[in-house]
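Taking it in order: structure first as structure tokens, then the write-up.
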Amino acid sequence: MGVEPFAIHDANDRRTFYLTVTQLVATGACRQCEIIKTFGVSKSSMIRSIKRYNEKGAEGFFANRNVRRSGSVLTDNVLIKAQELFDSGASRHETAGKLNVPLDTLRKALEDGRLAERPMTTIMADKSSRSVISAKAAKGMGTACTRLFERVMASIGLLPGGATTKFEPNRDVSYGGVLCALPALLANGLLSKAGELLGKVNGYYTMAHILILLASMALARIRTIEKLGGETPCEFGQVIGLDRIPEVRCLRKKMDQLSAGDSAEKWAAHLSGEWMKADVESVGTLYVDGHVRVYHGSATKLPRHYVSRERLCLRGTSEYWVNDSKGRPFFVVERVVDSGLLEALRTDIVPRLLKEVPQQPSAEELDANLLMCRFTLIFDREGYSPAFFKEMWEQHRIACISYHKHPGADWPKECFYEQTATLSNNETVTMQLAERGSLIGSGKAAVWMREIRKLTDKGHQTSIIATEFEATHDRLAVNLFARWCQENFFKYMMEHFAIDLLAEYGTTALPDTTKVVNPSWRQLSNRKRSIQSKLTHRRAIFAALTMQPEDQQDHKAYKQWLEKKALMLQEVRVLEQNLDELAATLKTTPHHVKLSELPDTEKFSRLLPNRKRLLDTIRMIAYRAETAVIPLLTGPKLNSSEARALIQNLFTSDADIIPQPHESKLLIRVHNASRPVTDTHLQKLFVALNETATIYPETNLQMIFQLIADVPENPGNGFIANSVR
């Protein structure tokens, strides 16, 4: 009722225990017999404790006892051996028998603090044991809620730092292998300035718990938060050092707290800058491409965008991703109202890159070398614009590479010669290349560029244009053809990380001043294209009739020919008149209008962005972490695609989680694979991971990775033996 003494103490702290139960008796909350029956203490111990409390108060329980003389039986060496046995889980009888010392002598050493007995929880629990414990807890606070004190304190706001990350020895933990990704996740900034930039999280779960859980969920191929709710909560709880993971509703609330306001955007911008600084060479060449996140809901009518992978115009949101040559993402720009790649480059991407790309040449260096550029942008034909190429070079000294949209006639085959080039993955390829200088564009937009063409085996010539003047032509060709790594990135992220799925339901209003395409203009434009297509078709028919007249001797056929030609001429003139009228109407119809000027039936809102932005950032971290592990496995016997498949299986495999707090270690013992050769690759990976000496966040435990088959039959920690016994 809030009036009785409430205390917590270590399991071996007998002094605080006796003080607490004595206070319960002294205040009349309990009787001596109830304490004796509940805790199994002796009656004489209770009488002595009450007498000490009445005579000396609480201080009497902590007064320094008389210093014992050095024991002749429990010497320093014997104490060390006894403590090692207790740490390994041995009982008092087993320890006394192995050391050949009296049991009562061990008891006295434990009471005065010279030895500490390891709690019985060191016995490794398996899935069945954890399932039973979870089911029992469900009758109280909830499924797998075994850390009652911390949960009660968190519920009344008295746990400001959140729950303590504490691991228990467990066998066969589902998804335990995903802990092998934690060193790479931390190295790629999973917790980098998250406490400063993200929103504050209160309650039982800390920020580190939520971020590690979301990253582990992504790597374990659990595509949505709702799917995570179908997993056993205590299993994933063991991965993050808790009794269980939050339920779906709680996890959504925590994500909303983390992404409140523009905090997720600030964190993503910080990580982008850190990634660029960490790999300056990869930032010299950046790839930009658009991706449409299709929306099938009914909360709002988003503008339509052309989705190339489905060859349809569907409602959705455009996203422009910036990646390096290996497909690793730096940041993404979301645009609900999209005017194309060039407009996104001018207004959002280029200004940001000019601020964030590290080690750009100074103005003096650019003036001294007229061929030098700040960095290079690579994009597909959507960004083809000689005027844009000229603008980027003259205003910012940014080089651009793309495909030639109107290459013209083929070059003579004698111009091509065989060239050997090295790809970003160190693979060597041979290509037939040729280069010329070309004046591309017309009028004021005309600009001299380098034009490189590749001759394929079938005789097709692929034309590349660039304003990058220092690199060799084979390097320019390799850089542009490496653009497919970004296409593969989109496909991989959709399939494995579900970047297109909704993260939350709901919409938010866009500013009324947002410029959108005028629906009336769009309808007129569509009608104009339709009439233009019909006119072109009928003109072709009329021209064919004119060029192939019927013989005048055949009066019937000649008459039909005249009638058909006259009818076609009449249709052409009607269509030409309609086309002129539409063109005049289009000139007087504004192309863009403000969102507030749209009819109510045409107005739309923006999907809530915060939770999606947070998840996208965590997925980028997860992808970069997974990619960073691949070079640790690749070699003559394993290529990158096979290594990625091996890592995917590793992240979803079971593992034993064994804390060793007395040695400041956290053992992660992964189950062996189906083939010995795979175990060999994993051993190589674990050696590299162990060299990182990664400390699990919010603990002092260094993570040690190994295969179960590599563990000796009689391990020093005694956990396996305890679990069998």
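Throughout, read-outs are computed from the coordinates displayed, never taken from laboratory work. This one's a predicted model, so the numbers in the text were calculated from it and none came from an experiment. In this analysis, Cβ positions are derived from the backbone assuming ideal geometry, glycine residues included, and neighbour counts consider all displayed protein chains.
The table that follows gives values for the structure above.
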{"read-out": "For segment 260-345, alpha-carbon Rg and Dmax in angstrom", "value": "15.0, 45"}
{"read-out": "Inter-label distance for Ser192 and Gln523, nm, one decimal - labels placed 7 Å from Cα along Cα-to-Cβ", "value": "5.1 nm"}
{"read-out": "Hydrodynamic radius by Kirkwood, which averages 1/r over all alpha carbon pairs of segment 519-589, in angstrom", "value": "13.7 Å"}
{"read-out": "Nitroxide proxy distance, nm - points 7 Å out along Cα→Cβ at His9 and Lys81", "value": "3.3 nm"}
{"read-out": "Cα gyration tensor, segment 380-482 - rounded (a/c under 1.5), prolate or oblate", "value": "oblate"}
{"read-out": "Inter-part distance where segment 133-200 and segment 460-527 are each reduced to a Cα centre, Å", "value": "38 Å"}
{"read-out": "Full-stretch length increase - Lys301, Arg675 - with 0.36 nm per residue and alpha-carbon distance subtracted", "value": "129.4 nm"}
{"read-out": "Within segment 270-417: Cβ-based charge dipole about Cα centre, in debye rounded to nearest 20 (Lys, Arg +1; Asp, Glu -1)", "value": "680 debye"}
{"read-out": "Thr507 long-range amide H proximity, modeled H, under 5 Å", "value": "Leu608"}
{"read-out": "Unsatisfied cross-links (Cα-Cα over 28 Å) in the set Lys108/Lys665; Lys193/Lys491; Lys528/Lys603; Lys405/Lys444", "value": "Lys108/Lys665; Lys193/Lys491"}
{"read-out": "Label point distance in nm, Leu103-Ser45, each placed 7 Å from Cα along Cα→Cβ", "value": "1.6 nm"}
{"read-out": "Listed residue (Leu598, Leu586, Ala543) projecting farthest to the positive dipole end of the chain, Cβ model", "value": "Leu598"}
{"read-out": "Global geometry of segment 76-118, whether rounded, prolate or oblate, following the gyration tensor of its Cα atoms and the 1.5 cut on a/c", "value": "rounded"}
{"read-out": "Rounded to whole Hz, the Karplus (6.51, -1.76, 1.60) HN-Hα couplings of segment 636-646, x for glycine and proline", "value": "x, 9, 8, 8, 5, 5, 5, 5, 5, 5, 5"}
{"read-out": "Loop trypsin sites (Lys or Arg not before Pro), segment 418-486, which have at most 16 other Cβ atoms in a 10 Å radius of their Cβ (DSSP)", "value": "Lys458"}
{"read-out": "Using θ = phi - 60° and Karplus 6.51 cos²θ - 1.76 cosθ + 1.60, couplings along segment 14-22 (whole Hz; Gly, Pro as x)", "value": "6, 5, 5, 4, 5, 5, 5, 5, 5"}
{"read-out": "Gap separating the Cα centres of segment 552-619 and segment 243-276, nearest whole Å", "value": "44 Å"}
{"read-out": "Calculated [θ] (222 nm, deg cm²/dmol) that DSSP helices of n ≥ 4 give over the chain, each run adding -39,500 (n - 2.57)", "value": "-13500 deg cm²/dmol"}
{"read-out": "Under 12 Å from Lys43, Cα to Cα: aspartates and glutamates that are on another chain or at least 8 residues apart", "value": "Glu34"}
{"read-out": "Karplus 3J(HN,Hα) series, Hz, for segment 229-244 with 6.51 cos²θ - 1.76 cosθ + 1.60 (x for Gly, Pro)", "value": "x, x, 7, 5, x, 6, 5, 5, x, 5, 5, 9, x, 10, 6, 7"}
{"read-out": "In segment 275-325, trypsin sites (Lys or Arg not before Pro) in a DSSP loop with at most 12 other beta-carbon atoms within 10 Å", "value": "Arg309, Arg311"}
{"read-out": "Residues with amide H under 5 Å from that of Gln660, placed H, sequence gap 5 or more", "value": "Lys665, Leu666, Leu667"}
{"read-out": "Amide H contacts under 5 Å for Val307, placed H, 5+ residues apart", "value": "Leu312, Cys313, Leu314"}
{"read-out": "Total charge dipole magnitude, the chain, about the Cα centre, Cβ charges on Lys, Arg, Asp, Glu only, Debye to nearest 20", "value": "2000 debye"}
{"read-out": "Dipole of the chain, positive end: most advanced residue of Ser530, Met217, Asn672 [Cβ charges, Cα centre]", "value": "Met217"}
{"read-out": "Segment 424-505: GluC sites (Glu not before Pro) falling in loop per DSSP and having at most 14 other Cβ within 10 Å", "value": "Glu427, Glu470"}
{"read-out": "Shape box of segment 428-467 [Cα atoms, principal axes, largest first, Å]", "value": "39, 20, 11"}
{"read-out": "Calculated FRET efficiency for the pair Thr546/Glu382, C-beta based, R₀ 45 Å, to 0.05", "value": "0.70"}
